[in-house]
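One structure is given below, encoded as C-alpha coordinates.
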Amino acid sequence: MALELVGKLIKVLPEVSGQSQKGPWMKQEFVLETLDSQYPKKVCMTAWGEKVNDLKQFATGDTLKATFSAESREYNERWYTELRAFRIEIAEGEETAASAPAAGGYASRPAQSAPASAPSKPAAASFNSAFDDDESNDLPF
(Lines give C-alpha, C1' and ligand atoms only; values in the text may rest on other atoms or scores of the structure.)
Protein backbone atom coordinates (compact mmCIF):
# COMPACT_ATOMS: atom_id res chain seq x y z
CA MET A 1 0.00 0.00 0.00
CA ALA A 2 1.60 3.26 -1.13
CA LEU A 3 0.61 6.51 0.54
CA GLU A 4 1.62 10.10 -0.16
CA LEU A 5 2.15 13.02 2.19
CA VAL A 6 2.84 16.62 1.20
CA GLY A 7 4.29 18.80 3.89
CA LYS A 8 6.99 21.18 5.01
CA LEU A 9 10.26 19.68 6.23
CA ILE A 10 10.65 20.92 9.79
CA LYS A 11 13.36 18.66 11.21
CA VAL A 12 15.94 16.10 10.13
CA LEU A 13 17.06 13.83 12.96
CA PRO A 14 20.62 12.42 13.21
CA GLU A 15 21.61 9.56 10.94
CA VAL A 16 21.77 6.12 12.57
CA SER A 17 23.87 3.30 11.15
CA GLY A 18 24.94 -0.15 12.20
CA GLN A 19 26.06 -3.59 11.15
CA SER A 20 23.77 -6.60 10.83
CA GLN A 21 24.28 -10.16 9.62
CA LYS A 22 23.27 -8.96 6.15
CA GLY A 23 25.78 -6.10 6.14
CA PRO A 24 25.87 -2.40 7.00
CA TRP A 25 22.67 -0.38 7.22
CA MET A 26 21.74 3.26 7.76
CA LYS A 27 18.54 5.14 8.43
CA GLN A 28 17.50 8.72 9.11
CA GLU A 29 14.23 10.03 10.47
CA PHE A 30 12.73 13.33 9.38
CA VAL A 31 9.60 15.27 10.33
CA LEU A 32 7.09 16.78 7.89
CA GLU A 33 4.32 19.16 8.90
CA THR A 34 1.15 18.84 6.82
CA LEU A 35 -0.15 21.82 4.89
CA ASP A 36 -3.57 21.77 6.55
CA SER A 37 -3.97 25.41 7.59
CA GLN A 38 -6.34 24.84 10.51
CA TYR A 39 -4.88 21.72 12.15
CA PRO A 40 -1.41 20.94 10.75
CA LYS A 41 0.03 17.64 11.93
CA LYS A 42 3.64 16.60 12.38
CA VAL A 43 4.58 13.21 10.94
CA CYS A 44 7.88 11.43 11.58
CA MET A 45 9.06 9.28 8.67
CA THR A 46 12.12 7.10 8.09
CA ALA A 47 14.47 7.00 5.12
CA TRP A 48 16.56 3.82 4.77
CA GLY A 49 19.71 3.07 2.76
CA GLU A 50 20.30 5.27 -0.29
CA LYS A 51 17.25 7.39 0.56
CA VAL A 52 19.32 8.86 3.42
CA ASN A 53 21.58 10.45 0.80
CA ASP A 54 18.54 11.71 -1.14
CA LEU A 55 17.27 13.41 2.02
CA LYS A 56 20.49 15.44 2.36
CA GLN A 57 19.64 17.55 -0.70
CA PHE A 58 16.62 19.14 1.04
CA ALA A 59 16.72 22.02 3.51
CA THR A 60 14.50 22.74 6.49
CA GLY A 61 11.43 24.62 5.26
CA ASP A 62 11.25 22.91 1.85
CA THR A 63 7.84 21.60 0.81
CA LEU A 64 8.25 17.90 0.05
CA LYS A 65 6.12 15.09 -1.28
CA ALA A 66 6.97 11.78 0.36
CA THR A 67 5.65 8.48 -0.95
CA PHE A 68 5.74 5.92 1.83
CA SER A 69 4.49 2.63 3.17
CA ALA A 70 3.18 2.07 6.68
CA GLU A 71 3.99 -1.05 8.64
CA SER A 72 3.40 -2.07 12.25
CA ARG A 73 5.11 -4.88 14.10
CA GLU A 74 4.95 -6.33 17.59
CA TYR A 75 7.85 -6.57 20.01
CA ASN A 76 7.40 -7.64 23.65
CA GLU A 77 3.62 -7.20 23.44
CA ARG A 78 3.94 -3.61 22.19
CA TRP A 79 3.22 -2.41 18.68
CA TYR A 80 5.57 -0.13 16.74
CA THR A 81 4.61 1.64 13.52
CA GLU A 82 7.09 2.84 10.93
CA LEU A 83 6.39 5.11 7.97
CA ARG A 84 9.11 4.16 5.50
CA ALA A 85 9.64 6.77 2.79
CA PHE A 86 10.71 5.23 -0.51
CA ARG A 87 10.40 8.37 -2.67
CA ILE A 88 11.13 11.90 -1.47
CA GLU A 89 10.86 14.84 -3.86
CA ILE A 90 10.18 18.57 -3.93
CA ALA A 91 6.44 19.30 -4.19
CA GLU A 92 5.46 21.13 -7.37
CA GLY A 93 4.60 24.65 -6.16
CA GLU A 94 1.12 25.74 -5.11
CA GLU A 95 -0.60 23.22 -7.39
CA THR A 96 0.39 20.35 -5.11
CA ALA A 97 -0.58 22.26 -1.97
CA ALA A 98 -3.99 23.10 -3.43
CA SER A 99 -4.65 19.54 -4.56
CA ALA A 100 -3.51 17.95 -1.28
CA PRO A 101 -6.38 16.50 0.72
CA ALA A 102 -7.66 18.79 3.43
CA ALA A 103 -7.87 16.06 6.06
CA GLY A 104 -4.29 15.91 7.23
CA GLY A 105 -2.61 16.29 3.85
CA TYR A 106 -2.23 12.60 3.13
CA ALA A 107 -3.96 10.29 0.67
CA SER A 108 -3.75 6.72 -0.45
CA ARG A 109 -2.46 6.19 -3.93
CA PRO A 110 -4.10 6.55 -6.47
CA ALA A 111 -5.69 9.77 -5.33
CA GLN A 112 -9.19 10.50 -6.56
CA SER A 113 -10.34 14.09 -6.59
CA ALA A 114 -13.88 15.25 -5.99
CA PRO A 115 -15.83 16.63 -8.95
CA ALA A 116 -15.29 20.35 -9.50
CA SER A 117 -19.03 21.02 -9.37
CA ALA A 118 -19.46 19.43 -5.92
CA PRO A 119 -20.74 21.98 -3.40
CA SER A 120 -18.54 22.62 -0.39
CA LYS A 121 -19.63 23.42 3.15
CA PRO A 122 -18.66 26.79 4.57
CA ALA A 123 -15.69 26.45 6.90
CA ALA A 124 -17.00 28.98 9.41
CA ALA A 125 -20.15 27.00 10.35
CA SER A 126 -20.18 25.83 13.94
CA PHE A 127 -20.40 22.15 14.82
CA ASN A 128 -23.85 22.42 16.44
CA SER A 129 -25.37 24.41 13.57
CA ALA A 130 -25.43 21.25 11.43
CA PHE A 131 -27.70 19.61 13.99
CA ASP A 132 -29.84 22.64 14.85
CA ASP A 133 -31.04 23.30 11.29
CA ASP A 134 -32.69 20.00 10.43
CA GLU A 135 -34.76 18.04 12.94
CA SER A 136 -35.64 15.38 10.33
CA ASN A 137 -32.20 13.77 10.72
CA ASP A 138 -33.42 11.70 13.67
CA LEU A 139 -32.36 8.07 13.70
CA PRO A 140 -35.14 5.57 12.94
CA PHE A 141 -34.64 3.63 16.18
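What the table shows:
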read-out	value
Solvent-accessible ranking of 75, 80, largest area first, probe 1.4 Å	75, 80
Gained length - residue 26 relative to residue 87, 0.36 nm times residue gap less alpha-carbon distance	20.3 nm
Förster-model FRET efficiency, 25 Å R0, residue 70 and residue 37, C-beta, rounded to 0.05	0.55
Heavy atoms of residue 26: accessible area, 1.4 Å probe, square angstrom to 10	50
Length gained when the stretch residue 57-residue 44 is fully extended (0.36 nm per residue, less Cα-Cα span)	2.9 nm
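The values are calculated or read from the model by the stated rules, or taken from the named source; none is laboratory data. Fair warning: this is a prediction, and the values are worked out from it, not measured in the lab. Glycine also receives a Cβ, built like all others from the backbone with ideal geometry; neighbour counts cover every protein chain displayed. Just the protein is used for accessible areas: all its heavy atoms, side chains included, with ligands, DNA and RNA removed. Shrake-Rupley method; radii C 1.70, N 1.55, O 1.52, S 1.80 Å.
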